[in-house]
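**Q** For reference, the structure I am asking about is given below.
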Amino acid sequence: MPMEFINQNILLIGIVVVSGLGLLWPLLFRPVGKAVNPGEATLLINREEAAVLDVREPAEFAAGHIPEALNIPVAKLDERLGELEKYREKPLIVCCAAGMRSNKACAELKKQGFAHLNNLSGGVDAWVAAGYPLKKAGRK
């Protein structure tokens with residue numbers, strides 16, 4: 001009897017499961033740090049002298065990055081933490097391609113005591129979509 005019910009209502013059961021996962025997703029994967037859009041990030045850079053940390057791989061960074069950004073891949077964050085020491089009490093905008101790696105980096109930086117973390121929502125992709133410029137390696 002239960003298998004018959006499942007077979008007859010598989011689509012309905014699928015919708016319920018997907019809806020439930022959609023509701024739980026934000027609880028399971030909360031952003032670390034304050035989520036900022038490209039406009040808010042620009043204001044932080046211009047008004048509060050926020051630094052930008054790009055946690056993408058070097059080849060991605062070289063293809064185009066936010067001007068004046070520092071590149072430390074998320075996998076090397078622990079070993080290169082000393083390079084960020086001067087930003088411990090300053091606003092820091094962390095970005096990657098779309099936002100997943102930067103969230104991981106923000107979590108690690110928060111554990112290390114960084115106070116003013118900002119995660120660029122949508123990453124460099126959102127920056128480009130908003131019409132902001134990128135700097136490419138080799139260009140000054």
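Bear in mind that the values in this text are calculations on the coordinates, not laboratory data. Quick caveat, the model's predicted, so the values are computed rather than measured. Ideal geometry is used to build each Cβ from the backbone, glycine not excepted, and the neighbour counts take in all protein chains shown.
**Q** Where does each of 66-78, 5-17, 37-49, 116-128 land if you order them by average Cβ count within 10 Å, highest first?
**A** Peptide ranking by packing, descending: 116-128, 66-78, 37-49, 5-17.
**Q** With the cut-off at 21 Å, tell me which of the pairs LYS34/LYS135; LYS34/LYS110; LYS90/LYS135 have Cα atoms farther apart than that.
**A** As for pairs spanning more than 21 Å Cα to Cα, those are LYS34/LYS135; LYS90/LYS135.
**Q** Working out 0.36 nm times the residue gap between ALA129 and ILE13, then minus their Cα-Cα distance, what length gain in nm do you get to one decimal?
**A** Stretched out fully, the ALA129 to ILE13 stretch lengthens by 38.0 nm.
**Q** Working from Cα positions, state the angle (0 to 90°, nearest 10) between the long axis of helix 38-48 and the longest principal axis of the chain.
**A** Long axis of 38-48 versus the principal axis of the chain: about 30 degrees.
**Q** Ok, one more. How far is helix 10-28 tilted, in degrees, relative to the longest principal axis of the Cα atoms in the chain, given as a value from 0 to 90 rounded to the nearest 10?
**A** With both axes taken from Cα atoms, the answer is about 30 degrees.
**Q** Another one. Of the labelled options (i) 35, 16, 14; (ii) 22, 20, 16; (iii) 37, 17, 14, which one gives semi-axes √(5λ) of the Cα gyration tensor in Å as computed for this structure?
**A** Only one option fits the structure, namely (iii).
**Q** Near the amide H of LYS34, under 5 Å away, which other amide H atoms are found, from residues 5 or more places off or on another chain, if H is placed in the peptide plane?
**A** Counting only residues 5 or more places away or on other chains, the set is LEU117, ASN118, ASN119.
**Q** Then there is this: Antiparallel DSSP bridges in the chain: what percent, to the nearest 5?
**A** So the antiparallel bridges in the chain amount to around 5 percent.
**Q** Next up: With the contact rule set at Cα under 8 Å and sequence spacing of 6 or more, what percent relative contact order holds for the chain?
**A** 30
**Q** Angle check, please: helix 100-111 long axis (alpha carbons) against the longest principal axis of the chain (alpha carbons), in degrees 0 to 90, nearest 10.
**A** 70
**Q** What is the order of CYS106, CYS95, fewest Cβ neighbours within 10 Å to most?
**A** CYS106, CYS95
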